Each structure stands twice: as structure tokens, then as C-alpha cells.
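All remarks here apply to the structure that follows.
Values quoted throughout were computed directly from the atomic coordinates according to the rules given, and no laboratory measurement underlies them. These figures come from a predicted structure and were not determined experimentally. So basically every Cβ, Gly included, is an ideal-geometry build from the backbone, and we count neighbours across all protein chains shown.
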Amino acid sequence: MKIKLVICLFFALSAGLPANLWARMESTNYIIWADVISSGGDEQSTSANYILADSIGEALILSATSTSVTYGSKAGFREMYPDQYLSFSLSSNSIDFGQLSRDEVRADSHTMTVDTNATKGFTVTVSSDTLRNGSYTIQALGTSADFSSPGSEQFGINLVANTSPAVGANLSGTSPVGSVVSPYGTTNKFAYTSGSTIAQSTNDINPTTYTISYIANVHVNTEAGSYTATLVYSLLPKF
């Protein structure tokens with residue numbers, strides 16, 4: 001019995017991303033995002049009911065200078081932001097378990113690297129049809145993480161280092177880095193539900209490398225044949 005997982009890469013970007021800022025001064029050592037030094041401005045916003053004259057000084061980057069429970073006001077003359085970027089890569093686009101056995105788990109892994117300066121971070125989700133051989137399927141573990149159990153039908157993933165089976169690694173990178181989302185962050189326990197969020201951050205990060213590990217088990221009554229699934233990884237920045 002042979003199972004092959006084909007992993008596809010898909011990018012999903014949110015609407016309304018900040019525009020790139022091309023009018024800037026830079027060298028090998030610095031970037032000035034905006035060359036505005038101002039003690040005020042003569043621009044006015046008007047309607048039949050109000051006139052707003054703005055403004056004096058620039059706000060602190062990414063900060064609201066006046067806040068309440070329901071609003072934040074960024075006071076100053078045009079707060080500027082750096083170009084927004086997003087980087088996502090997989091070390092492999094396929095996993096081949098080879099011949100499966102009811103007596104021994106099959107496991108393999110690949111890495112996923114994420115990098116973004118999105119101010120509110122990112123999410124990575126994974127989705128797929130179940131492992132399938134025509135009308136026959138191998139059961140995914142679902143939302144409750146569980147240990148590998150040879151002799152039972154199981155398909156699952158996690159994003160941490162494991163000892164049983166010995167596969168995977170903890171995420172790596174220079175702080176700030178992303179995080180693993182439950183239930184995919186428990187050593188030796190695996191889960192899988194299509195559409196799950198598996199990795200995320202709530203702020204901009206440095207390059208973060210995740211190791212995604214896969215396990216497959218079958219029981220004595222699992223129908224013979226070649227089982228295939230296509231996994232789609234989607235990265236969504238949050239600005």
C-alpha cells in the first residue's frame with residue numbers, strides 16, 4: 001500500500017494593502033521614508049459643518065497618540081510607513097510515504113519559512129481533501145491531537161520536534177518570530193482538519209522557519225492501493 005501527498009503552494013493576500021512609497025531618499029546605510037520637516041500645514045478639510053486645519057509634527061511610527069476604547073488618533077503631518085512585504089516558501093512540494101504497514105508508522109517532514117513586516121502579523125492555513133484512493137479514504141485525526149498509533153487509520157501533522165516518531169523540529173528564527181497554533185504544537189501529538197490555522201503572529205516578524213511533520217498509519221482492513229492528497233497552504237498578512 002502506498003500513499004503520496006502532493007503539497008501545493010497558494011498565496012492569499014488581503015485587500016487594501018498600503019501603497020508602496022517610491023518618493024524616498026536612501027543609501028546603503030539608511031532610508032528616509034518621507035522628507036517632510038514641518039511646523040504645520042495649510043491643508044484644510046471642510047464641509048458645511050466643520051473646518052479642520054492640519055497639522056504640526058509627525059506622529060510616532062505605528063502609534064496612536066490619542067486613544068480611547070473605541071478610537072485611536074494619529075496626530076501629526078502624514079505618518080509614513082515602510083514598503084510592506086511578504087515572503088513564504090516551502091522546502092519541498094511533495095511527501096512520499098512509500099509502502100505503509102499496520103505495524104509501523106510512516107513519517108516525513110519539510111520546512112516552511114515565513115517573513116513579513118505586516119504590522120498585525122499573519123496566519124497560515126492548510127486545506128485539502130482527505131487521503132483518497134478512489135472511494136476509499138484514510139481517516140484524518142481531526143481537531144483533537146492524538147499520539148501515533150500503528151494499526152489504526154490515522155493521518156495528521158504537527159509543527160514541533162517529536163520523539164515518537166522521531167521527526168520534526170521546533171520553529172527557529174531571531175526574535176520576533178511567529179508561533180504554532182493549537183492543536184499542532186504538542187510534542188508527539190498530531191492532528192489534521194482541513195481549513196485549520198497552523199501558524200500565526202500578531203505583529204511583524206523576522207524570518208521564521210517551521211518544520212511541518214506528517215504521519216500515516218493504517219489498520220488491517222485498510223484497502224490496498226495508492227492514496228493521494230493535495231494540501232494547499234495559504235498565507236494571509238494582517239495589516
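What to note about this one:
- Sorting the segments 207-217, 88-98, 188-198 by their residues' average number of neighbouring beta-carbon atoms within 10 angstrom, most packed first, yields 207-217, 188-198, 88-98.
- Measuring spread by the Cα atoms of the stretch 110-162 yields a radius of gyration and Dmax of 15.3, 46 Å.
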